[in-house]
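My questions will all concern the structure given below.
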Amino acid sequence: LKITGFNDDFGDLTTLISVPKRSPFGNPSYRGNYDGEVLAKLVGFLQRNGIQSPYVYDPMEGGKTSRDVCSHLALPYIGDDIHNGFDVVNDDFHDTGFDLTMLHYPYWSMIDYAKDLAPELQGKDMSRMDWRTFIEAVSHVNYKAAAHSRYVAVLVGDMVVKGKGFIKSIQREMAWVGNPIRFFTKLQHNATSFRTKYSNTNFIPIVTEHLILFKTDYKPGGELWILVPGQYKKIHVDHYVTWKTAIKNLSKSMEQITPESVFEGIKQHFPVKLQKTNTPEATIRRTLQELESDGFLQRAVRGIYVKRAS
Ligand SMILES: C[S@@+](CC[C@H](N)C(=O)[O-])C[C@H]1O[C@@H](n2cnc3c(N)ncnc32)[C@H](O)[C@@H]1O
(Lines give C-alpha, C1' and ligand atoms only; values in the text may rest on other atoms or scores of the structure.)
Protein backbone atom coordinates (compact mmCIF):
# COMPACT_ATOMS: atom_id res chain seq x y z
CA LEU A 1 0.00 0.00 0.00
CA LYS A 2 1.60 3.24 -1.13
CA ILE A 3 1.06 6.41 0.86
CA THR A 4 1.19 9.47 -1.37
CA GLY A 5 3.83 12.04 -0.50
CA PHE A 6 5.39 9.94 2.28
CA ASN A 7 9.17 9.95 2.66
CA ASP A 8 10.35 6.30 2.58
CA ASP A 9 13.57 7.13 4.44
CA PHE A 10 11.81 6.28 7.69
CA GLY A 11 12.17 2.56 6.94
CA ASP A 12 9.57 -0.17 6.80
CA LEU A 13 7.64 0.47 10.01
CA THR A 14 4.82 3.00 9.99
CA THR A 15 1.50 2.97 11.83
CA LEU A 16 0.02 1.12 8.84
CA ILE A 17 1.26 -2.46 8.61
CA SER A 18 0.64 -4.55 5.52
CA VAL A 19 2.31 -7.86 4.74
CA PRO A 20 0.49 -9.12 1.66
CA LYS A 21 2.95 -11.89 0.82
CA ARG A 22 3.28 -14.52 3.55
CA SER A 23 6.70 -14.90 5.09
CA PRO A 24 7.85 -18.44 5.93
CA PHE A 25 7.38 -18.18 9.71
CA GLY A 26 4.86 -20.22 11.71
CA ASN A 27 2.26 -22.72 10.64
CA PRO A 28 0.10 -20.95 8.02
CA SER A 29 -2.78 -23.36 8.55
CA TYR A 30 -3.05 -22.49 12.28
CA ARG A 31 -6.23 -20.40 12.62
CA GLY A 32 -5.50 -16.77 13.45
CA ASN A 33 -1.81 -17.16 12.70
CA TYR A 34 -0.10 -13.77 12.19
CA ASP A 35 2.67 -12.90 9.80
CA GLY A 36 6.15 -13.09 11.32
CA GLU A 37 7.14 -9.88 9.54
CA VAL A 38 5.06 -8.03 12.15
CA LEU A 39 7.28 -9.27 14.97
CA ALA A 40 10.42 -8.80 12.84
CA LYS A 41 9.47 -5.12 12.35
CA LEU A 42 8.97 -4.62 16.11
CA VAL A 43 12.29 -6.31 16.83
CA GLY A 44 13.93 -3.97 14.30
CA PHE A 45 12.44 -0.99 16.15
CA LEU A 46 13.80 -2.23 19.49
CA GLN A 47 17.21 -2.84 17.93
CA ARG A 48 17.27 0.69 16.51
CA ASN A 49 16.53 1.83 20.06
CA GLY A 50 19.52 0.08 21.58
CA ILE A 51 18.20 -3.40 22.47
CA GLN A 52 20.48 -5.43 20.21
CA SER A 53 19.18 -8.89 21.03
CA PRO A 54 15.68 -8.56 22.47
CA TYR A 55 14.52 -11.35 24.79
CA VAL A 56 11.05 -12.24 23.44
CA TYR A 57 8.15 -14.00 25.16
CA ASP A 58 4.95 -15.25 23.51
CA PRO A 59 2.68 -17.07 25.96
CA MET A 60 -0.01 -17.78 23.30
CA GLU A 61 2.23 -18.82 20.44
CA GLY A 62 -0.29 -21.08 18.66
CA GLY A 63 1.24 -21.84 15.25
CA LYS A 64 4.68 -20.78 16.59
CA THR A 65 5.20 -17.74 14.38
CA SER A 66 7.09 -15.84 17.10
CA ARG A 67 9.25 -18.89 17.82
CA ASP A 68 10.27 -19.19 14.14
CA VAL A 69 11.04 -15.46 13.82
CA CYS A 70 13.22 -15.50 16.93
CA SER A 71 15.02 -18.64 15.81
CA HIS A 72 15.64 -17.04 12.40
CA LEU A 73 17.00 -13.86 14.02
CA ALA A 74 18.88 -15.83 16.70
CA LEU A 75 17.03 -14.10 19.53
CA PRO A 76 16.45 -15.52 23.02
CA TYR A 77 12.84 -16.70 23.13
CA ILE A 78 10.29 -18.47 25.32
CA GLY A 79 6.87 -19.47 24.04
CA ASP A 80 3.94 -21.48 25.29
CA ASP A 81 0.24 -22.04 24.76
CA ILE A 82 -2.81 -23.65 26.33
CA HIS A 83 -2.16 -26.44 23.84
CA ASN A 84 0.86 -27.37 25.98
CA GLY A 85 -1.23 -27.10 29.15
CA PHE A 86 0.02 -23.59 30.01
CA ASP A 87 -2.66 -21.11 31.07
CA VAL A 88 -1.52 -17.51 30.46
CA VAL A 89 -4.22 -16.15 32.79
CA ASN A 90 -3.53 -18.22 35.91
CA ASP A 91 -0.06 -19.73 35.55
CA ASP A 92 3.22 -18.01 36.37
CA PHE A 93 5.05 -16.47 33.44
CA HIS A 94 8.20 -18.43 32.58
CA ASP A 95 10.73 -15.72 33.41
CA THR A 96 10.98 -12.00 34.05
CA GLY A 97 13.15 -9.35 32.40
CA PHE A 98 11.75 -9.86 28.89
CA ASP A 99 12.36 -7.07 26.40
CA LEU A 100 9.22 -7.77 24.39
CA THR A 101 6.11 -9.78 25.23
CA MET A 102 3.93 -10.52 22.23
CA LEU A 103 0.27 -10.98 23.14
CA HIS A 104 -1.79 -12.19 20.22
CA TYR A 105 -5.09 -12.88 21.93
CA PRO A 106 -7.69 -15.34 20.63
CA TYR A 107 -10.34 -13.83 18.38
CA TRP A 108 -12.85 -14.51 21.15
CA SER A 109 -15.91 -16.45 19.97
CA MET A 110 -14.87 -16.28 16.29
CA ILE A 111 -12.28 -19.05 16.46
CA ASP A 112 -12.71 -21.93 18.90
CA TYR A 113 -9.17 -22.93 19.84
CA ALA A 114 -10.38 -25.34 22.52
CA LYS A 115 -12.12 -28.04 20.55
CA ASP A 116 -9.04 -30.29 20.31
CA LEU A 117 -8.03 -29.72 23.95
CA ALA A 118 -8.36 -32.13 26.88
CA PRO A 119 -11.65 -31.49 28.74
CA GLU A 120 -9.90 -30.00 31.81
CA LEU A 121 -8.22 -27.36 29.61
CA GLN A 122 -11.25 -26.41 27.51
CA GLY A 123 -12.67 -24.08 30.17
CA LYS A 124 -9.33 -22.26 30.39
CA ASP A 125 -9.24 -21.39 26.71
CA MET A 126 -9.82 -17.65 26.50
CA SER A 127 -11.83 -17.93 23.27
CA ARG A 128 -14.57 -19.77 25.20
CA MET A 129 -14.95 -17.25 28.04
CA ASP A 130 -17.99 -15.01 28.14
CA TRP A 131 -17.18 -11.47 27.00
CA ARG A 132 -16.81 -9.81 30.38
CA THR A 133 -14.64 -12.60 31.80
CA PHE A 134 -12.58 -12.51 28.62
CA ILE A 135 -11.93 -8.76 28.79
CA GLU A 136 -11.01 -9.00 32.48
CA ALA A 137 -8.63 -11.85 31.64
CA VAL A 138 -7.06 -9.81 28.81
CA SER A 139 -6.47 -6.84 31.14
CA HIS A 140 -5.04 -9.15 33.81
CA VAL A 141 -2.61 -10.68 31.29
CA ASN A 142 -1.64 -7.18 30.08
CA TYR A 143 -0.76 -6.23 33.70
CA LYS A 144 1.24 -9.42 34.15
CA ALA A 145 3.09 -8.84 30.88
CA ALA A 146 3.89 -5.26 31.90
CA ALA A 147 5.33 -6.51 35.18
CA HIS A 148 7.61 -8.93 33.31
CA SER A 149 8.61 -7.02 30.19
CA ARG A 150 9.99 -3.65 29.02
CA TYR A 151 7.74 -3.60 25.98
CA VAL A 152 4.37 -5.30 25.46
CA ALA A 153 2.81 -5.71 22.01
CA VAL A 154 -0.90 -6.56 21.83
CA LEU A 155 -2.41 -7.78 18.55
CA VAL A 156 -6.21 -7.98 18.54
CA GLY A 157 -9.14 -7.81 16.15
CA ASP A 158 -12.71 -6.55 16.32
CA MET A 159 -15.41 -9.19 16.28
CA VAL A 160 -18.88 -8.77 14.82
CA VAL A 161 -21.53 -9.99 17.28
CA LYS A 162 -23.54 -12.58 15.39
CA GLY A 163 -27.07 -11.49 14.57
CA LYS A 164 -26.55 -7.99 16.02
CA GLY A 165 -24.35 -6.32 13.44
CA PHE A 166 -22.22 -4.36 15.92
CA ILE A 167 -18.66 -5.11 16.99
CA LYS A 168 -16.92 -6.04 20.20
CA SER A 169 -13.51 -4.35 20.24
CA ILE A 170 -10.92 -5.87 22.58
CA GLN A 171 -8.50 -2.96 22.23
CA ARG A 172 -11.21 -0.48 23.24
CA GLU A 173 -12.24 -2.34 26.37
CA MET A 174 -8.97 -3.78 27.69
CA ALA A 175 -6.61 -1.95 30.04
CA TRP A 176 -3.66 -0.18 28.44
CA VAL A 177 -0.36 -0.56 30.28
CA GLY A 178 2.51 1.90 30.66
CA ASN A 179 2.74 4.26 27.69
CA PRO A 180 1.49 3.44 24.22
CA ILE A 181 4.41 3.90 21.83
CA ARG A 182 2.22 3.51 18.75
CA PHE A 183 -1.23 2.27 17.76
CA PHE A 184 -0.80 0.39 14.47
CA THR A 185 -3.49 -0.57 12.01
CA LYS A 186 -2.65 -3.90 10.44
CA LEU A 187 -4.28 -5.00 7.21
CA GLN A 188 -5.61 -8.54 7.26
CA HIS A 189 -4.67 -10.43 4.11
CA ASN A 190 -6.22 -13.77 3.11
CA ALA A 191 -8.30 -14.08 6.30
CA THR A 192 -10.45 -17.23 6.44
CA SER A 193 -13.55 -15.06 6.82
CA PHE A 194 -12.88 -13.54 3.36
CA ARG A 195 -13.70 -16.92 1.82
CA THR A 196 -17.09 -17.23 3.53
CA LYS A 197 -20.04 -16.88 1.14
CA TYR A 198 -22.65 -14.60 2.69
CA SER A 199 -26.26 -14.57 1.51
CA ASN A 200 -26.61 -11.01 2.81
CA THR A 201 -23.79 -8.71 1.68
CA ASN A 202 -25.27 -5.66 3.33
CA PHE A 203 -22.54 -5.27 5.97
CA ILE A 204 -19.12 -3.65 6.26
CA PRO A 205 -16.34 -6.25 6.04
CA ILE A 206 -13.54 -5.96 8.58
CA VAL A 207 -10.15 -6.00 6.83
CA THR A 208 -7.96 -4.52 9.59
CA GLU A 209 -6.86 -5.37 13.11
CA HIS A 210 -5.00 -3.47 15.81
CA LEU A 211 -1.46 -3.72 17.12
CA ILE A 212 -0.49 -1.60 20.10
CA LEU A 213 3.07 -1.36 21.33
CA PHE A 214 3.35 -0.33 24.99
CA LYS A 215 6.50 0.68 26.81
CA THR A 216 6.30 -0.24 30.46
CA ASP A 217 9.91 0.08 31.59
CA TYR A 218 8.88 -1.31 34.94
CA LYS A 219 11.75 -1.62 37.38
CA PRO A 220 11.48 -3.33 40.78
CA GLY A 221 10.24 -0.75 43.27
CA GLY A 222 9.03 1.49 40.44
CA GLU A 223 5.51 2.49 39.43
CA LEU A 224 3.29 0.96 36.81
CA TRP A 225 0.46 3.09 35.44
CA ILE A 226 -2.47 1.74 33.51
CA LEU A 227 -5.34 3.27 31.60
CA VAL A 228 -8.42 1.63 33.10
CA PRO A 229 -10.60 -0.53 30.86
CA GLY A 230 -13.72 0.77 29.15
CA GLN A 231 -17.01 0.40 31.03
CA TYR A 232 -20.60 0.13 29.91
CA LYS A 233 -22.91 2.73 31.45
CA LYS A 234 -26.48 3.62 30.69
CA ILE A 235 -26.74 7.39 30.31
CA HIS A 236 -29.69 9.68 30.93
CA VAL A 237 -30.58 10.92 27.47
CA ASP A 238 -32.36 13.97 28.88
CA HIS A 239 -29.03 15.35 30.18
CA TYR A 240 -27.96 15.78 26.59
CA VAL A 241 -31.12 17.29 25.04
CA THR A 242 -32.26 20.51 26.71
CA TRP A 243 -35.91 21.64 26.80
CA LYS A 244 -34.99 24.46 24.43
CA THR A 245 -33.50 22.09 21.84
CA ALA A 246 -36.41 19.67 22.16
CA ILE A 247 -39.02 22.41 21.64
CA LYS A 248 -37.05 24.00 18.78
CA ASN A 249 -36.96 20.60 17.12
CA LEU A 250 -40.72 20.05 17.58
CA SER A 251 -41.56 23.51 16.31
CA LYS A 252 -40.03 22.66 12.89
CA SER A 253 -43.17 20.67 12.05
CA MET A 254 -45.76 22.95 13.74
CA GLU A 255 -47.65 25.80 12.15
CA GLN A 256 -48.90 27.15 15.45
CA ILE A 257 -47.04 26.40 18.64
CA THR A 258 -49.11 26.20 21.80
CA PRO A 259 -48.13 24.87 25.25
CA GLU A 260 -50.63 22.01 24.71
CA SER A 261 -49.26 20.96 21.29
CA VAL A 262 -45.71 21.14 22.62
CA PHE A 263 -46.68 18.96 25.60
CA GLU A 264 -48.12 16.33 23.21
CA GLY A 265 -44.97 16.49 21.06
CA ILE A 266 -42.69 16.10 24.09
CA LYS A 267 -44.76 13.09 25.26
CA GLN A 268 -44.30 11.47 21.88
CA HIS A 269 -40.74 12.39 20.88
CA PHE A 270 -38.86 13.27 24.09
CA PRO A 271 -40.70 11.27 26.82
CA VAL A 272 -37.61 11.05 29.04
CA LYS A 273 -37.83 14.81 29.67
CA LEU A 274 -41.17 14.32 31.44
CA GLN A 275 -39.64 11.92 33.99
CA LYS A 276 -37.52 14.70 35.49
CA THR A 277 -40.21 17.30 36.20
CA ASN A 278 -43.45 17.42 38.17
CA THR A 279 -44.48 20.65 36.45
CA PRO A 280 -43.96 20.09 32.70
CA GLU A 281 -46.61 22.70 31.74
CA ALA A 282 -44.76 25.44 33.62
CA THR A 283 -41.42 24.35 32.13
CA ILE A 284 -42.91 24.43 28.62
CA ARG A 285 -44.43 27.92 29.15
CA ARG A 286 -41.11 29.23 30.51
CA THR A 287 -39.12 27.69 27.63
CA LEU A 288 -41.51 29.17 25.05
CA GLN A 289 -40.95 32.60 26.62
CA GLU A 290 -37.18 32.04 26.51
CA LEU A 291 -37.37 31.07 22.85
CA GLU A 292 -39.38 34.22 22.24
CA SER A 293 -36.78 36.42 23.90
CA ASP A 294 -34.03 34.56 21.97
CA GLY A 295 -35.83 35.69 18.82
CA PHE A 296 -36.60 32.13 17.68
CA LEU A 297 -40.39 32.39 18.24
CA GLN A 298 -42.82 35.25 18.19
CA ARG A 299 -46.15 35.46 19.97
CA ALA A 300 -49.06 35.61 17.53
CA VAL A 301 -51.76 36.00 20.20
CA ARG A 302 -51.76 35.08 23.87
CA GLY A 303 -50.74 31.37 24.20
CA ILE A 304 -49.99 30.92 20.52
CA TYR A 305 -46.50 31.24 19.06
CA VAL A 306 -45.18 31.01 15.50
CA LYS A 307 -41.64 30.67 14.25
CA ARG A 308 -40.00 34.01 13.57
CA ALA A 309 -39.10 34.34 9.92
CA SER A 310 -35.31 34.23 9.59
C1 LIG B 1 -4.64 -15.80 17.93
S2 LIG B 1 -3.97 -17.30 18.46
C3 LIG B 1 -2.27 -17.04 18.40
C4 LIG B 1 -1.72 -17.37 17.06
C5 LIG B 1 -0.22 -17.28 17.01
N6 LIG B 1 0.27 -15.94 17.23
C7 LIG B 1 0.29 -17.80 15.67
O8 LIG B 1 1.05 -17.10 15.04
O9 LIG B 1 -0.13 -18.87 15.26
C10 LIG B 1 -4.35 -17.29 20.17
C11 LIG B 1 -3.75 -18.46 20.91
O12 LIG B 1 -4.09 -18.34 22.29
C13 LIG B 1 -4.14 -19.65 22.83
N14 LIG B 1 -4.82 -19.57 24.12
C15 LIG B 1 -6.15 -19.42 24.38
N16 LIG B 1 -6.38 -19.39 25.71
C17 LIG B 1 -5.18 -19.52 26.32
C18 LIG B 1 -4.76 -19.57 27.66
N19 LIG B 1 -5.63 -19.48 28.68
N20 LIG B 1 -3.45 -19.72 27.92
C21 LIG B 1 -2.54 -19.82 26.90
N22 LIG B 1 -2.87 -19.79 25.60
C23 LIG B 1 -4.17 -19.63 25.30
C24 LIG B 1 -4.85 -20.44 21.75
O25 LIG B 1 -4.58 -21.81 21.87
C26 LIG B 1 -4.25 -19.82 20.47
O27 LIG B 1 -3.17 -20.58 20.03
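When the chain is modelled as a GNM with alpha-carbon springs shorter than 10 Å, which of GLU136, GLU61, GLU264 fluctuates the most?
Comparing GLU136, GLU61, GLU264 in the GNM, the peak value goes to GLU264.
Also, I was wondering about something else. Determine the share of region 172-212's accessible area contributed by carbon and sulfur atoms, expressed in whole percent, with a 1.4 angstrom probe. Could you put the intermediate results ahead of the total?
On the way: 1430 of 2750 Å².
The computed percentage sits at 52.
Quickly estimate the mean residue ellipticity at 222 nm for the chain, helices only: each DSSP H run with n ≥ 4 gives -39500 (n - 2.57), and the total goes over all residues, rounded to 500. Spell out each step's value before the answer.
On the way: 8 runs with 81 residues, N = 310.
Calculated at 222 nm, the ellipticity per residue is -7500 deg cm²/dmol.
Quickly rank 76-87, 29-40, 119-130, 144-155 as a protection proxy: mean count of other C-beta atoms within 10 Å, highest first. Can you show the working numbers first?
Numbers: 76-87: 17.2, 29-40: 19.3, 119-130: 14.9, 144-155: 23.3.
Peptide ranking by packing, descending: 144-155, 29-40, 76-87, 119-130.
Bin width 10 Å, alpha-carbon pairs only: give the P(r) of region 1-47 as whole percents, running from 0 to the bin holding the largest distance.
Whole-percent P(r) values from 0 Å outward: 22, 47, 26, 5.
Also, I was wondering about something else. Order of 204-212, 227-235 by packing, highest average Cβ count within 10 Å first? Provide the component values of the computation, followed by the final result.
Values: 204-212: 15.3, 227-235: 8.7.
Output ranking for 204-212, 227-235: 204-212, 227-235.
Helix 36-48 versus the longest principal axis of the chain: what is the Cα-based angle in degrees, 0 to 90, to the nearest 10?
80
GLN275 to LEU16: extension gain in nm, 0.36 nm per residue of separation minus the Cα-Cα distance? The partial results should precede the final answer.
Working: separation 259, 0.36 × 259 = 93.24 nm, distance 4.82 nm.
Here the answer is 88.4 nm.
I would also like to ask the following. Given a cut-off of 33 Å, what percent of all Cα-Cα pairs of the chain lie beyond it? Write out the running numbers ahead of the final one.
Working: 21262 of 47895 pairs.
Across the chain, Cα pairs with separations above 33 Å total 44 percent.
If you roll a 1.4 Å probe over the heavy atoms of the protein chains, what accessible area per residue do you get for the chain, in Å²? Present the calculation step by step, with values, prior to reporting the outcome.
On the way: 18140 Å² over 310 residues.
Accessible surface, normalised per residue, equals 59 Å².
So which of LYS233/LYS273; LYS144/LYS215; LYS273/LYS307; LYS162/LYS233; LYS164/LYS197; LYS162/LYS276 end up more than 25 Å apart, counting from Cα to Cα? Don't skip to the end; give the middle numbers.
Values: LYS233/LYS273 19 Å; LYS144/LYS215 14 Å; LYS273/LYS307 22 Å; LYS162/LYS233 22 Å; LYS164/LYS197 19 Å; LYS162/LYS276 37 Å.
Listed pairs above 25 Å: LYS162/LYS276.
Explain nothing, just the number: dipole magnitude of the chain about its Cα centre with +1 on each Lys and Arg Cβ and -1 on each Asp and Glu Cβ, in debye rounded to the nearest 20. List each step's numbers first, then the result.
Numbers: 38 positive and 34 negative charges, 336 e Å.
Approximately 1620 debye in magnitude.
Normalised by the residues of region 154-294, what does the relative contact order come to in percent, with Cα pairs under 8 Å and at least six apart? Intermediate values should be presented prior to the final figure.
Working: 136 pairs, mean separation 32.5, N = 141.
Dividing the mean separation by the residue count of region 154-294 yields 23 percent.
The values are calculated or read from the model by the stated rules, or taken from the named source; none is laboratory data. Predicted, not measured: the structure shown is a model, and the values here were computed from it. Using ideal geometry, Cβ is built from the backbone for each residue, glycine included, and neighbour counts are taken over all protein chains shown. Note: accessible area is taken over every heavy atom of the protein model, side chains too, but ligands, DNA and RNA are not part of it. Shrake-Rupley method; radii C 1.70, N 1.55, O 1.52, S 1.80 Å.
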